Amino acid sequence: MRAAVFTEVQQPLSIEDIRVDKPASHEVLVRTMATGVCHSDLHFVEGLYPMETPTVMGHEGAGIVEAVGDSVTDFSPGDHVILCLSVYCAKCEHCISGHPARCQDKPARSASETPRLSLDGEPVGQMALLATYAEQMLVHENSVVKVREDMPFEGAALIGCGVTTGVGAALNTAQIRPGSSVVVFGTGGVGLGAIQGAKIGGAAQIIAVDIHESKLKTAMDLGATHIVDSSSHDPVEAIIELTRGGADYTFEAVGLKETAEACWESLKPGGTATIIGMIPVGTKIEIEGSGLRERKLQGSSMGSNRFKLDMPKYVEFYMQGRLLLDEMVTKRDKLDGINEAFRAMKAGEVARTVLMFD
């Protein structure tokens with residue numbers, strides 16, 4: 001199969017012919033139909049987070065089941081599915097207490113077993129144990145959820161990461177209250193998900209902050225009530241003025257020290273700041289040491305999801321017109337366009353590019 005492979009930091013991904021193994025007992029082989037291009041992949045390509053090479057990248061995908069292992073009972077060939085990087089073991093303390101997104105014992109093949117993917121006889125890694133920038137995905141059954149067949153694949157792919165991460169941060173992690181004020185720093189795929197989660201959760205005021213005018217327009221289309229162009233305005237001052245003293249909830253969806261600290265500074269007493277973005281390893285976030293005024297700073301991992309419950313629910317929101325996904329897709333391309341998709345994303349030209357495999 002053809003796949004986009006990461007071989008060296010700061011270098012373009014290469015399209016290679018990769019061998020994919022047959023499913024083991026608890027594995028599922030999926031034919032990829034669509035995958036979103038998420039900024040998290042670019043973080044690894046740029047060396048902001050470590051990753052072994054070679055690795056097939058991508059972690060936001062949807063497709064059709066082609067084959068299953070002999071112990072798999074929940075899936076059959078022909079099922080339409082979404083993949084999720086929150087693969088879980090179902091046995092650890094986090095899993096059995098209802099927090100599978102925190103699982104630290106993710107099921108994977110051991111080094112002594114035949115690798116799922118290989119190139120010229122050598123093992124190839126899988127980004128987030130998924131590797132969605134490929135024509136097929138071989139994954140554990142606990143990283144797959146079945147969805148209704150009339151759900152478009154490109155929207156389903158977005159639910160696989162960005163939407164679940166953003167919507168879940170608002171509804172699951174922060175648990176925003178109806179009538180509250182919400183600020184979202186960054187209006188890429190995750191930020192737009194958080195904006196929509198705030199809208200679904202009944203927020204009265206939703207302020208989107210970004211430096212790109214086109215992305216702020218998209219944020220308004222998807223539910224923001226106010227926008228702040230931080231390229232020309234101090235976002236904290238603007239937010240304090242718009243909210244008359246600070247927001248109830250703020251969300252960082254960029255992955256920068258500066259925006260994380262601005263999230264904190266934009267809160268009202270008793271407010272909650274939630275960090276969603278992947279802030280580079282070693283970065284220190286500084287908050288004022290006195291007068292904390294019962295404000296809270298917390299992290300969110302993949303929207304605190306229970307994806308086998310959440311993703312079908314988000315599909316229903318989409319089918320009902322309550323969750324807008326088509327509007328989040330700025331560009332559609334093929335696998336060969338992956339490096340151009342990275343360039344456009346880094347330049348702020350797109351909210352999401354979706355690679356199609358049909």
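Given charges of +1 on the Cβ of Lys and Arg and -1 on the Cβ of Asp and Glu, with all other atoms neutral, how large is the dipole of the stretch 175-299 about its Cα centre, in debye to the nearest 20?
Values: 11 positive and 15 negative charges, 93 e Å.
My answer is approximately 440 debye.
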Handout entry: Counted charge near residue 296, where neighbours are those whose Cβ lies closer than 12 Å (Asp, Glu -1; Lys, Arg +1)
Key = +1
Handout entry: Signed unit charges on C-beta, dipole axis of the stretch 175-299, positive-most listed residue 259, 180, 273
Key = 180
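To the nearest 20 Debye, how big is the dipole of the chain about its Cα centre, given +1 on the beta carbon of each Lys and Arg and -1 on that of each Asp and Glu? Spell out each step's value before the answer.
Numbers: 32 positive and 47 negative charges, 190 e Å.
With only Lys, Arg, Asp and Glu charged at Cβ, the dipole is about 920 debye.
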Handout entry: Per-residue [θ]222 nm for the chain (sum of -39500 (n - 2.57) over DSSP H runs n ≥ 4, rounded to 500)
Key = -6500 deg cm²/dmol
Practice task
Identify, among 196, 225, 211, the residue whose Cα sits farthest towards the positive end of the charge dipole of the stretch 145-235, taking +1 on the Cβ of Lys and Arg and -1 on the Cβ of Asp and Glu, with the dipole about the Cα centre.
Solution key: 196
Handout entry: Segment residue 108-residue 49, extension gain: residue separation times 0.36 nm, minus the distance between their alpha carbons
Key = 19.2 nm
Problem - Within the stretch 100-144: Cβ-based charge dipole about Cα centre, in debye rounded to nearest 20 (Lys, Arg +1; Asp, Glu -1) - result: 220 debye
Completion exercise
Once normalised by the length of the chain, the mean sequence separation of its alpha carbon contacts under 8 Å that are 6 or more apart gives a contact order in percent of 18 percent
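Once the Cβ-Cβ distance between residue 1 and residue 286 is put in as r, and R0 is 56 Å, what FRET efficiency do you end up with, to the nearest 0.05?
Values: r = 46 Å, r/R0 = 0.83.
Rounded to the nearest 0.05, the efficiency is 0.75.
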Handout entry: Ascending count of other beta-carbon atoms within 10 Å, so fewest first, for 190, 145
Key = 145, 190
Exercise for the section: Find the Rg to Rh ratio for the stretch 175-299, where Rh is the Kirkwood radius over alpha-carbon pairs and Rg uses the same atoms. Expected result: 0.93
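Report the local net charge at residue 260: Lys and Arg +1, Asp and Glu -1, summed over other residues whose C-beta lies under 11 Å from its C-beta.
Combined, the nearby Lys, Arg, Asp and Glu give -3.
What number comes out for the charge environment of residue 191, summing +1 per Lys or Arg and -1 per Asp or Glu over other residues with Cβ under 12 Å away? Working shown, then result.
Details: positive: 215, 352; negative: 210, 252.
Taking every other residue near residue 191 into account, the sum is 0.
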Exercise for the section: May I ask for the distance between the Cα centers of the stretch 25-56 and the stretch 114-168, given as a whole number of Å? Expected result: 8 Å
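Within a 10 angstrom radius of the beta carbon, how do 233, 140 rank from fewest other beta carbons to most? Working shown, then result.
Details: 233 12, 140 23.
So the residues, fewest neighbours to most, are 233, 140.
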Completion exercise
For the chain (alpha-carbon point model, no solvent) the Debye-based log₁₀ I(q)/I(0) at q = 0.06, 0.09, 0.11, 0.13 Å⁻¹ works out to -0.21, -0.47, -0.70, -0.98
Problem - Extension gain (nm, one decimal) between residue 237 and residue 92, 0.36 nm per residue minus Cα-Cα - result: 47.8 nm
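Arrange the following residues from fewest to most other Cβ atoms within 10 Å of their Cβ: 229, 358. If you can, show how the numbers build up before the last one.
Details: 229 15, 358 8.
The most exposed by this proxy come first: 358, 229.
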Exercise for the section: Work out how much length residue 9 to residue 349 would gain on full extension: take 0.36 nm times their residue separation and subtract the Cα-Cα distance, in nm to one decimal. Expected result: 120.1 nm
Handout entry: Using θ = phi - 60° and Karplus 6.51 cos²θ - 1.76 cosθ + 1.60, couplings along the stretch 7-14 (whole Hz; Gly, Pro as x)
Key = 10, 7, 4, 6, 10, x, 5, 10
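Bear in mind these aren't lab numbers, they're just calculated from the coordinates by the rules spelled out. Computed from a prediction, not measured in an experiment: that's the story for all the values here. Every residue, glycine as well, gets a Cβ built from its backbone with ideal geometry; the counts of neighbours run over all protein chains shown.
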